[in-house]
Structures are given as structure tokens and as C-alpha cells.
1. With springs only between Cα atoms under 10 Å apart, run a GNM on the chain and tell me which of GLY115, GLY97, GLY168 wobbles the most.
2. Starting from the Cα of LYS70, draw a straight line to each of the lysines and keep only those under 22 Å, dropping any in the same chain fewer than 8 residues away.
3. Would you mind telling me the antiparallel percentage of the DSSP bridges in the chain, rounded to 5?
4. For the chain, modelled as a Gaussian network with Cα springs under 10 Å, which listed residue fluctuates most, GLY57, GLY223, GLY191?
5. Which FRET efficiency value, to the nearest 0.05, is calculated for GLN62 and ARG137 with the Förster distance at 45 angstrom and r the Cβ-Cβ distance?
6. Starting from the Cα-Cα distance between ALA179 and SER163, subtract it from 0.36 nm times their residue separation and give me the gain in nm to one decimal.
7. Please report the relative contact order for the stretch 105-254, taking Cα pairs under 8 Å with a sequence separation of at least 6, and give it as a percent rounded to a whole number.
8. Rounded to a whole number, what is D in µm²/s for the chain from Stokes-Einstein with the Kirkwood radius over alpha-carbon pairs (25 °C, 0.890 mPa s)?
Amino acid sequence: MTSECKILENVCLKGLYRRMVFSAPEIAAKASPGQFVHIQIPELRDRILRRPFSISGYDPEQGTLTVTYKVVGAGTEVLAKLPPGVSCNIMGPQGNGYPMPSAEETPILVAGGYGSAATLPLALRAPGKGFLLLGARSTADLILYEEYEKAGFQVRISTQDGSLGHRGMVTELLDPALAEAEKTPVVYACGPTPMLMALGKMCVERRVRCLLSLDQHMCCGVGACFACVVKMKDSSSPDGWRYSRTCKEGPVYSAEEVYYA
Ligand SMILES: Cc1cc2nc3c(=O)[nH]c(=O)nc-3n(C[C@H](O)[C@H](O)[C@H](O)COP(=O)(O)OP(=O)(O)OC[C@H]3O[C@@H](n4cnc5c(N)ncnc54)[C@H](O)[C@@H]3O)c2cc1C
Ligand code: FES
């Protein structure tokens, strides 16, 4: 489904990170946590491809959709300059999304950089509150954690340069959070691929249920081009794996399904 969605707000959150709110009643009515939208950026004449962004907020009553994005290249530079009133053609909601935790589970959200945009809708709607483990290179890439605190989550931070929180990798915060979880822990994650692979392996070893949002580079976004594939375990294949299209079958996969090379 595609729709023309008017920009209501496009503001700087911090440094290179921005929040964009659209009037998108059809998308907001269907969205669920962990899904993404594929945005056609107007005036990007030399590049026709859409750009994928996690849904970082949706409100079916107000008919609004929020994305939180980092300015990294040509598309996001144009996006950053679009004023309220301009419309973008948006495809979505796309992808499978995260299954919601039950009231008997403690959600442990693990996010790297803008990955905290993808897990925020789940934090706001989860019946039981848990932990956000947020990692980044430095404080410049730590965003949205105040929103998790407001939602009742305990926030634990790691930075690789030690500028805030634990110095090191966000995966090093996992075991303490698992030990402190009052109910059955379930891990929900989004972030850079190396972080997700390390986290997925740890959760499989510890027999902890873990859902990984594998955000690969995408082109068509509808399953036609195979630009976005990842390897999943497949015992019926001679190599022990098969490709899966993250835009169509994902982006969320159980850590058990993922093929770790
Ligand atoms: C399912 C999904 C959800 C995403 N959610 C968000 C989000 O919530 N917020 C956000 O800021 N970004 C998100 N991204 C990444 C975002 O799509 C890219 O940053 C964006 O397409 C870059 O467009 P550009 O034209 O500005 O950059 P380009 O000029 O195309 O590229 C600039 C740089 O960004 C890198 N890049 C491009 N796509 C990706 C990607 N998928 N992952 C990592 N690096 C990339 C390129 O390698 C290059 O180094 C998501 C990607 C996917 C697949
Ligand atoms: S982006 Fe084309 S198949 Fe996924």
C-alpha cells in the first residue's frame, strides 16, 4: 500500500538525528511495533529508490506516523530540508514486526544507535516493563532513551569511547539484565549487524528467546530484487542455509533461525 503523506513536523532531535511526523491515517491504522515504511523522497531526481525507515511512532487516533532518522547521505540530506506541508509517497507498513511480549514476560530491548527508534513502539505498548540496553560509539549516537524512561523501562547505556555509561559493547550489559529480570526474559533487538549477530549467538547459547530486526540495505522493499537477503538455517539445503528476504519475510527473525557463519 502506498499513500501520499503530508509532513507535519521535521525537527532536529540531536546532532544529525531528526524526527519527522507525517499525517498518515491509513498507515497508522495498520502499523505494529517493529515494522518499517519505505519513503520516496521528493526532488531526489538522480536516485529513484525509496529509503526504508523503522516506524518509531504511530497514533491511529491522530492518524500520525513518526520516523526518527540520521542524516547519512543524499536521501536523508534532502529529507532533512523538507518543510511541513510537503507530501511524501510512503509505502507501508512493511515487514512482519515484533511479536508482543506477554504480561508474564520481561522485555529486554537491545538497541544500537538508531535501532532505538525501532524498539520504541514496543516499549510504549508492552504490558510489562523491562530494560533498554542502548549502545553507541559515543553520546552523539544515543537517542530516545528518555522516552523509554518515561515508559517505565530501566535504561542501561554503553558507549565504546566511555563518554557515557559502561565503556564497551552493549552485549556486555545482557547478562546482568537477564539476571535481574523478574519474569521470563525475552530479548528484542535492532542495530548494526555485528551487534545483532553477537547478541543472537549469546541468546541461543543461553536459551533465551530473542527477536532480531535485521535491517539490511534495501532496494524494491517488496520482495522482488533480493538486495536485502540474509542467511537463515535450513537443514534441507546441502549448505545448511537459505536466503531470506528481510523486506518480505523479515525484518524480524528469531535468533534461533539465523545462520551464524
Ligand atoms: C528496515 C530498515 C529500517 C531502517 N530504519 C532506520 C531508522 O529508523 N532511522 C535511520 O536513520 N535509518 C534507518 N535505516 C537506514 C536508512 O534506510 C539509511 O540510512 C538510508 O536509506 C540512507 O539513505 P541516504 O540516501 O541518506 O544514504 P545513501 O547515500 O544511500 O548512503 C549513505 C550511507 O548510509 C549507509 N546506509 C544506507 N542504507 C543503510 C542501511 N540499511 N543500514 C546501514 N547503513 C546504510 C550507506 O552504506 C552509506 O554509507 C533503516 C534501514 C532499514 C533497512
Ligand atoms: S529489497 Fe528487494 S527483495 Fe528485499
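1. Comparing GLY115, GLY97, GLY168 in the GNM, the peak value goes to GLY168.
2. Excluding near neighbours in sequence, the set is LYS6, LYS14, LYS81.
3. Of those bridges, close to 60 percent are antiparallel.
4. The residue that fluctuates most here is GLY223.
5. Numbers: r = 35 Å, r/R0 = 0.77.
E(calc), rounded to 0.05, equals 0.85.
6. Numbers: separation 16, 0.36 × 16 = 5.76 nm, distance 2.56 nm.
Taking ALA179 through SER163 to full extension adds about 3.2 nm, to one decimal.
7. Values: 299 pairs, mean separation 29.8, N = 150.
Result for the stretch 105-254 is 20 percent.
8. Working: Rh = 18.7 Å.
This corresponds to a translational diffusion coefficient of 131 µm²/s.
Each value in this text was obtained by applying a stated rule to the coordinates, not by laboratory testing. Values in this document were obtained by computation on a predicted structure and should not be read as measured data. As a convention, Cβ positions derive from the backbone with ideal geometry for all residues, glycine included, and neighbour counts pool all protein chains shown.
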